[in-house]
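Trainee: If you scroll down you'll find the structure; I have some questions about it.
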Amino acid sequence: MRIGIVVAEWNQEITEALYRGAYDSLVKNGAMESDIIKEYVPGSFELPLGAQLLIENHKPDAIICL
């Protein structure tokens, strides 16, 4: 299962901690590290566009927006 994670760069200290928690939980529960795709966007307003680009370019099975 391929999983995309879109991370806002705004409040990077918080969003990176959220990313690390999501990433660690996915790996702990059986996701392969190579199946986790991370993309950055400038802020929360751009999260939907980042998700759309992930879908178009990588075709993930699920997307997490942080």
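Values quoted throughout were computed directly from the atomic coordinates according to the rules given, and no laboratory measurement underlies them. What you are looking at is a predicted structure, and each value in this text was computed from that prediction instead of being measured. Cβ: placed from backbone, ideal geometry, glycine included. Neighbour counts: every protein chain shown.
Trainee: With N set to the number of residues, divide the alpha-carbon radius of gyration of the chain by 2.2 N^0.38 Å and report two decimals.
Mentor: In units of the 2.2 N^0.38 Å rule of thumb, it is 1.04.
Trainee: Per residue of the stretch 33-42, what does 6.51 cos²θ - 1.76 cosθ + 1.60 with θ = phi - 60° give for ³J(HN,Hα)? Whole Hz please, x for Gly and Pro, Karplus curve as stated.
Mentor: Values, residue by residue: 4, 6, 9, 9, 10, 10, 10, 9, 10, x Hz.
Trainee: While we're looking at this one, here's another question. Quick one: Cα centre-to-centre distance for the stretch 37-66 and the stretch 1-24, in angstrom?
Mentor: 11 Å
Trainee: For Ala8, which sequence-distant residues (separation of 5 or more, or a different chain) have an amide H within less than 5 Å of its own amide H, given hydrogens modelled in the peptide plane?
Mentor: Close amide H contacts, sequence-distant or interchain: Val41, Leu66.
Trainee: Sticking with this one: Kindly write out, for the stretch 11-22 in residue order, the coupling ³J(HN,Hα) from the Karplus curve 6.51 cos²θ - 1.76 cosθ + 1.60 (θ = phi - 60°), rounded to whole Hz, with x marking Gly and Pro.
Mentor: 6, 4, 4, 6, 5, 5, 5, 5, 4, 4, x, 5
Trainee: Here's something else I'd like to know. May I ask you to list the chymotrypsin sites (Phe, Trp or Tyr not before Pro) in the stretch 1-40 that are in a DSSP loop and have at most 14 other Cβ atoms within 10 Å of their Cβ?
Mentor: For chymotrypsin sites (Phe, Trp or Tyr not before Pro) across the stretch 1-40 that sit outside H, G, I, E and B with at most 14 neighbouring Cβ atoms in 10 Å, the list reads Trp10.
Trainee: Helix-derived [θ] at 222 nm for the chain: sum -39500 (n - 2.57) over DSSP H runs of at least 4, divide by residue count, nearest 500?
Mentor: Numbers: 2 runs with 29 residues, N = 66.
Roughly -14500 deg cm²/dmol at 222 nm, from the helical runs in the chain.
Trainee: Between the DSSP loop rule and a limit of at most 16 other Cβ atoms within 10 Å, which GluC sites (Glu not before Pro) in the chain are left?
Mentor: Answer in residue order: Glu9.
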